[in-house]
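Participant: Can you keep this structure in mind? I'll have questions shortly.
Read-outs: derived from the displayed coordinates by stated rules, not from any lab. Just so you know, these numbers come straight off a predicted model, no measurement behind them. In this analysis, Cβ positions are derived from the backbone assuming ideal geometry, glycine residues included, and neighbour counts consider all displayed protein chains.
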Amino acid sequence: MFNDIGPLELVTLIVLAVLVFGPDKLPKVIQDVTRTIRKIREFSESAKQDIRQELGPEFKDFEFEDLNPKTFIRKQLDNDELGLKEIRNGFDLKKEMAEVTDAVHGRESEPSAGTTSSSSSTGDRVDMTKKPDDRPPFDMDAT
């Protein structure tokens, strides 16, 4: 609940509480606050149980944390049915960038062990060098 409060802020809150409520009333105030927090948690858990009972057995795996969009998306992306893990693990950004750099500079790319690049296996190379007579079309209305 208070994950982002540092030690200096905690000491400041304690000193402020002692100054506001006084050392005599502070234990009673702390008990009242903890009792109120406990009641709110019990009410929240009761409401969650009521909602689960009303939803029925189809939603027995329903978690309220899934209503958070970040958690929902993370859970769906980790789902193995889509095969995203294989795509994510099979993608090597450094190798792809090296192949693009080699193609731009006109060098022959060396495939790594166990994998072959599509450009070296087919023999077809895309010429990405810029020719001096290839100018982009000029549109007077666009400028």
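Participant: Quote to one decimal, in nm, the extra length available between V100 and E9 on full extension: 0.36 nm per residue of separation minus the C-alpha distance between them.
Facilitator: Length gained between V100 and E9: 27.6 nm.
Participant: What ratio of Cα Rg to 2.2 N^0.38 Å holds for region 1-60? Spell out each step's value before the answer.
Facilitator: On the way: Rg = 18.1 Å, N = 60, 2.2 N^0.38 = 10.4 Å.
So the Cα radius of gyration is 1.74 times the expected 2.2 N^0.38 Å.
Participant: Give me the one-decimal nm value for the distance between modelled label points at K75 and R52, 7 Å along each residue's Cα-to-Cβ direction.
Facilitator: 1.3 nm
Participant: Would you calculate the separation in nanometres between label points at E63 and D32, each defined as 7 Å from the Cα along the Cα-to-beta-carbon direction?
Facilitator: In this crude label model, E63 to D32 measures out at 3.8 nm.
Participant: Can you check what the net charge comes to around E54, using other residues whose Cβ is under 13 Å from the Cβ of E54 (Lys, Arg +1; Asp, Glu -1)?
Facilitator: +1
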